[in-house]
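Q: So that we are looking at the same thing, I have put the structure below in structure tokens.
The values are calculated or read from the model by the stated rules, or taken from the named source; none is laboratory data. This one's a predicted model, so the numbers in the text were calculated from it and none came from an experiment. We place every Cβ from the backbone using ideal geometry, glycine too, and count neighbours over all the protein chains shown. To get the accessible areas, we keep the full protein, side chains included, count just its heavy atoms, and leave off ligands, DNA and RNA. Shrake-Rupley method; radii C 1.70, N 1.55, O 1.52, S 1.80 Å.
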Amino acid sequence: MSDVEDAISRAYRGEWARIVASLTRRFSNLDLAEEAAAEAFATAVARWPTDGVPPNPGAWLTTTATRKGIDRMRRENQRVGKHKEAQMVFDNAPPESIGAIDDDRLRLIFTCCHPALAMETRVALTLRMIGGLTVAEIARAFLVSESTMGQRITRAKAKIKAARIPYRMPSAADLPGRVSGVLAVLFLVFNEGYLATGPGTGPVRADLTAEAIRLTRLVRALMPEDGEVAGLLALMLLTEARRTARISMNGELIPLDEQDRGAWDPALIAEGHRLVRERLAAAAAGEAPGRYQILAAIGAVHTSARDIRDTDWSQVVALYDQLVNVDPSPIIALNRAIAVAELDGPRVALATVDRLETGLNGYHAFHATRADLLRRLGRSQDARAAYDKAIDLAGNTAETANLSRRRDQLQ
Amino acid sequence: MQYLVSVIDDKSSPGSSDRRPAISEFNERLIADGYWVFAGGLADPDAATVIDNRGEQPMLSDGPFVESKEYLAGVWVWEAPDLDVALALAAEASKICDRKLEVRPFQ
């Protein structure tokens, strides 16, 4: 990658959400903000290789995007009076204060996660506007076609505009109800970073995991009493702690049982464990834990074991049993089966996994899990077929590399 | 921004019929707070007539344009700065009139 391409992709990762959020505040129009931001990056791609990278790429992009936005507004909305237009051109006022936390991106998240939008739409919109993911990447994350996802996002932006969904922090009374939707979105952003699916991206997008953690910290600062916010933050930290140990030098996924546990980040683990202990105390006091707190507890069990052989699998399965009650999705059942394989052996686990086929046939991890269990049972031919399906469906390059090696090692 | 607030009733489990005084009181508040544009209850859908005069002569048919279990029982039009304000009012209104509401912006 050339220096210019590198500068552009760095600016994209670092500045996309900030630019979209500030243009949304300025123009009160999400669609216009997104289009103008995209145009500014397209202009950078066209100009920077000949003009050189500007000294402050973020400022250059913001200025360019603002000009593009004003041009678009003039073209699209002839009714805007000269006075209002002039105000927008010269509006360099800082964003109005929204209390303790003043972050345009967080405000944008609450707009994108508005309860008047369908849950799947909120997630897609946030990934596009905050995460800067392409429609194709989001479509892959949700197992739908690119055109379906494109329509979903277009409809959502049209509704925000037509129904005038506001661009601001929810009131204190509305906040708790609005947070659960935001957490679901942040977790998905984190996962997209942790298991990136774009063909042009590396296997891990630390920018997205970092952004998800940063925004979750902000939500936690805003709602320190919310157990699920703490749970999600703990879960992300305990997962992020293992990030560098999870990918080999040649870009292959290293499964949990083969990771160098000495390479895990002790500071992140300590912080995650502190949060889990805080939530365990709350649970002991009678507060029923939600799914993120239980997932974080599972992460805490794994990160407490110095060696894979020290893992308390019965504790892991017990936590998954608790999780199934809160969230009876087939993906949770699949993950529970992986833990069951360690406790009761691959045959028992495979029987469970096979029952999940209807719901998970299009999900690579379902076939990867089956392949692994079949391999352990010595059913090489079936394992090979399952690896082939998993490789076809996997979007993450490190996972594909690991699956391919495992398939090729079969007798 | 104006919103059409449709009151949706259900033939199989209609909302209670004693809500009129509470609704009138709520309307007084809407007026006092500057949200009120229009309000009106509708007669039964059976009283509707559909007319189509796009052809050579007007075609009349007895009854509503679509037969369904759920039907429009009344409307409000509110002036509100944004959807959050409209939805907060609608949450209150739904309780008061004991029916489901649809909030839809005018163009």
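Q: Name the residue that is modelled with the lowest pLDDT, counting only residues in the stretch A:170-188 that are away from chain B (no Cβ under 11 Å) and open to solvent by 10 Å² or more (accessible area, probe 1.4 Å).
A: Result: A:Pro176.
Q: Do you know which of the residues in the stretch A:119-145 that are open to solvent by 20 Å² or more (accessible area, probe 1.4 Å) and without any contact (Cβ under 8 Å) to a residue 12 or more places away in the chain is farthest from the chain's Cα centre (by Cα)?
A: Among those residues, the one meeting the criterion is A:Ser145.
Q: Here are A:Ala116, A:Ala100, A:Ala86, A:Ala93: which of them is modelled with pLDDT under 65, more than 26 Å from A:Lys68 (Cβ to Cβ) and either out of contact with any His (no Cβ under 6 Å at 6 or more places or on another chain) or part of a loop (DSSP other than H, G, I, E, B) (or both)?
A: A:Ala100
Q: Can you name every one of the helices (runs of 4 or more DSSP H) wholly within the stretch A:300-407 that holds 3 or more residues which are in contact with a Pro (Cβ under 9 Å, 6 or more places away or on another chain) and modelled with pLDDT of 95 or more?
A: A:364-376
Q: Further question on the same structure: Can you say whether B:Gly15 is modelled with pLDDT under 95, under 30 Å from A:Pro170 (Cβ atoms), away from every other protein chain (no Cβ under 14 Å) and open to solvent by less than 50 Å² (accessible area, probe 1.4 Å), as far as the supplied structure shows?
A: yes
Q: Can you pull out the residues in the stretch A:146-169 that are part of a loop (DSSP other than H, G, I, E, B) and either at pLDDT below 90 or open to solvent by less than 20 Å² (accessible area, probe 1.4 Å) (or both)?
A: A:Ala163, A:Ile165, A:Pro166, A:Tyr167, A:Arg168, A:Met169 - these are the residues of the stretch A:146-169 that are part of a loop (DSSP other than H, G, I, E, B) and either at pLDDT below 90 or open to solvent by less than 20 Å² (accessible area, probe 1.4 Å) (or both).
Q: A follow-up question, please. For the stretch B:18-36: of the residues being over 13 Å from the mean Cα position of the chain (by Cα) and open to solvent by less than 80 Å² (accessible area, probe 1.4 Å), which is farthest from B:Leu83 (Cα to Cα)?
A: Here the answer is B:Arg19.
Q: From the list A:Thr64, A:Thr111, A:Thr134, A:Thr126, pick out the single residue that is at pLDDT 90 or above, more than 14 Å from chain B (Cβ to nearest Cβ) and at negative phi.
A: Within the list A:Thr64, A:Thr111, A:Thr134, A:Thr126, the selection yields A:Thr64.
Q: Give just the number: which of (1) open to solvent by less than 20 Å² (accessible area, probe 1.4 Å); (2) within 25 Å of the chain's Cα centre (by Cα); (3) under 16 Å from A:Leu108 (Cβ atoms) does A:Gly58 not satisfy?
A: (3)
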